[in-house]
Amino acid sequence: MSSIVLGLIAGALFKNYSLISVIIFLIFFVKNRKLKSNIFTFILMFLYCFLISLIASNTFQTDIDKTMFIIEAKDNYIIVRDFFRRYYISMKNNKYEVGDLIRISGDISKIKMHAIEGHFDFQNYLENSGVYFEITNANIRTIINSIFPRRRIIENLIIKYDERSKELFKSFVFGMPRGDYLKEYSNTSLSYFLGLNNYFLTTLFFGINKFMSRRTKNSEMVTLFILLPYLFFIYDKMCVFRLIIYLIVFKYLRKNYQMSYNSCLKLVLIMYLIKSPFNIYNEGLIVPFILGVTIRFINKFKASRVIKTILFVGVVYLIGIVKDNSIMALSPIYRMILLPIIFIFFLCAILFIPIGICTKFFDKFSSALIRTFDFMSKIDIKVYLYPNLITSMILVILFLIILIGFYIQHRKIVRKFTVFLFLSTFMLSSSIHNYVFDYLFFIDVGQGDCALLIHKNKSLLIDTGGLLYEDLATTTLIPFFKRYHLNKIDTIICSHFDYDHIGALTSLKANFNVGDVITKKESFPYNFYGIQIINLNNYHGKDDNDNSLVNMFTFMDKTFLFMGDASSTIEEKIVKDYDLSYVDILKVSHHGSKTASSDILLSEITPCVAIISLGFNNIYKFPSDEVLNRFNRYQIEIRRTDIEGTIIYKKLSF
């Protein structure tokens, strides 16, 4: 059975984490090289998952005209599927339900979306759910409506409650997507609880089952019958799938075929991955599975309850580290305190929502719950680790060695590697890497410009970006600075006063520690801790763009030229007055507009790389095809934040 499990895992991970798949294969091959049947089973399972992923992510079709079921329905999109693939369809004010059978025709294309730095990557979420294509210009005709329009029924059930209560009910009780009110809490511990619908259902099932087991032999079936009305309303059907798998494996197969607990766990994982290899990325399935295995493993240790609890909390912390390279220092404590309270809220909601009573109680409770999470988020300490996959791997490996040390009762291993773990965590959560490495980031701020230079743990920001629809400083820049352990921006250079270059400056100064702000040409040349920064634009331009600072400096053995929004008129003057032949990297002017990046400039500097900072599918149609063709003609590599996201240059500082 191990060969089946490892083969499925390796095949499911291969597309995104091919190195991990190869490591799994090599370890398995070395261990089972004499057992041909095991190797054959491993390869068979690997190919099953790999081929499903391959078929789901590739197609030769450019259009479609099929009858399909809706498998996911949200307010602004639906996901449909045929036998092989799943498709995303964007729509406003969606009225379709899961289970609707529809006839759909339209054009097929690969999904192309973009999330600016620090924002939710919806395309990655869809691809991890097995959705690689979208249908555009869709013409939809309903063939059969779902026999159970759960969304409309839920809306009618909670109509008496205020907006806070409605959204909490939808997320906590029914597992529906978060509305606009709760989206602002996506980076807090409230987000953690909003995803616990699976856990609450399982706990409720166990509780009822234990009560019924004293009264009937078929307690599982009776419990399932009691919960059946509620199960129909749950949006996340994987939650129900988990429950059914549990009943089949642990209550039927284990009892009737004397299967060991470990074999049951392997069988559960096999069922998850055979149903869909993309379930390997489903946190709602995999995290509870990991925690279940961890509890089982830790309980075998000959150690006190305190030690076992600490080890389990350590696993919880590690999951957070693997997820986003950070630790919420206090969250495990107040999560354990709040979990029973929220579970009681969950139970009361199930009991009272159908009969529509206690509306004032729920409204007040919801308000108090939101305020509690607001307070917890403010007092919690978020510790960022060095933002790299290797960081997570180092800490996971050290922790696994400690667990093995406990298991084999080898105290020296436990002591030594516990010390290593704490030292590694301390070093990786400090700013020491900012002394070891130099960095230059072209931060993806959407339609705007922003670059961050780190040298000897000192930071220089060139422009801040600026968006009209959100506070870029608090949503993107400050979290990014903290991720790289910056507590202060020592200097900000503002190239000019367009909002897309300095719009976030006011909020940044109000919410973060900011040193000097440079806006005038007279401030140059400027020495930033040994880096000599000069301004090449000392002319009087016709507008604000032509009065942009044009900064040049040498850093990490490369010469960078930042053009601001200067036009070809300024470029021509600069070329006449300065030697630019040694420029290596050009920060392209005005987001790739045809008003700049002229032949005159490019023939003089011929950089290796041209970097364009711009928004995805922006209304200005940047970058200009004319400019892109010009770069290609001069054989200059083009890098774009709307395609790559944040662009990073990094080098040892010594």
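The values are calculated or read from the model by the stated rules, or taken from the named source; none is laboratory data. Owing to the predicted nature of the structure, the values given are computational and were not obtained by experimental measurement. Cβ placement follows ideal geometry from the backbone for every residue including glycine, while neighbour counts extend to all protein chains displayed. To get the accessible areas, we keep the full protein, side chains included, count just its heavy atoms, and leave off ligands, DNA and RNA. Shrake-Rupley method; radii C 1.70, N 1.55, O 1.52, S 1.80 Å.
Things to note:
- Considering segment 107-134, the residues that are farther than 30 Å from residue 441 by Cα and in contact with an Asp or Glu (Cβ under 7 Å, 6 or more places away or on another chain) include one that is surrounded by the most Cβ atoms within 10 Å (Cβ to Cβ), namely 108.
- Residue in segment 566-603 that is least open to solvent (accessible area, probe 1.4 Å), counting only those that are closer than 23 Å to residue 531 by Cβ and among the acidic types (Asp, Glu): 584
- Of all the numbered requirements in (1) without any contact (Cβ under 8 Å) to a residue 60 or more places away in the chain; (2) over 26 Å from residue 203 (Cα atoms); (3) touching a helix residue (DSSP H, G or I) at 6+ places or on another chain (Cβ under 9 Å), residue 378 misses one, and that requirement is (3).
- When the residues of segment 65-105 are filtered to those that are among the β-branched types (Val, Ile, Thr) and within 30 Å of residue 18 (Cβ to Cβ), the one that is surrounded by the most Cβ atoms within 10 Å (Cβ to Cβ) is 80.
- Per the conditions (1) more than 21 Å from the chain's Cα centre (by Cα); (2) surrounded by fewer than 12 Cβ atoms within 10 Å (Cβ to Cβ); (3) without any contact (Cβ under 8 Å) to a residue 24 or more places away in the chain; (4) farther than 25 Å from residue 261 by Cβ, the sole criterion not satisfied by residue 304 is (4).
- Any hit, segment 603-615, residues being under 30 Å from residue 432 (Cβ atoms) and without any contact (Cβ under 8 Å) to a residue 40 or more places away in the chain: yes
- Test result for residue 373, at pLDDT below 80, part of a helix (DSSP H, G or I) and surrounded by 16 or more Cβ atoms within 10 Å (Cβ to Cβ): yes
- The residue list 505, 549 contains one member that is open to solvent by less than 30 Å² (accessible area, probe 1.4 Å), within 38 Å of the chain's Cα centre (by Cα) and over 16 Å from residue 488 (Cα atoms), which is 549.
- Of all the criteria given as (1) over 26 Å from residue 11 (Cα atoms); (2) at pLDDT 80 or above; (3) of a type outside the set (A, V, I, L, M), the one not satisfied by residue 277 is (1).
- Residue in segment 235-244 that is more than 30 Å from residue 7 (Cβ to Cβ), buried (at least 19 other Cβ atoms within 10 Å of the Cβ) and touching a residue at least 12 places away in the same chain (Cβ under 8 Å) present: yes
- Filter pass, residue 319 being assigned to a strand (DSSP E or B), more than 18 Å from residue 406 (Cα to Cα), of a type in the set (Val, Ile, Thr) and open to solvent by 20 Å² or more (accessible area, probe 1.4 Å): no
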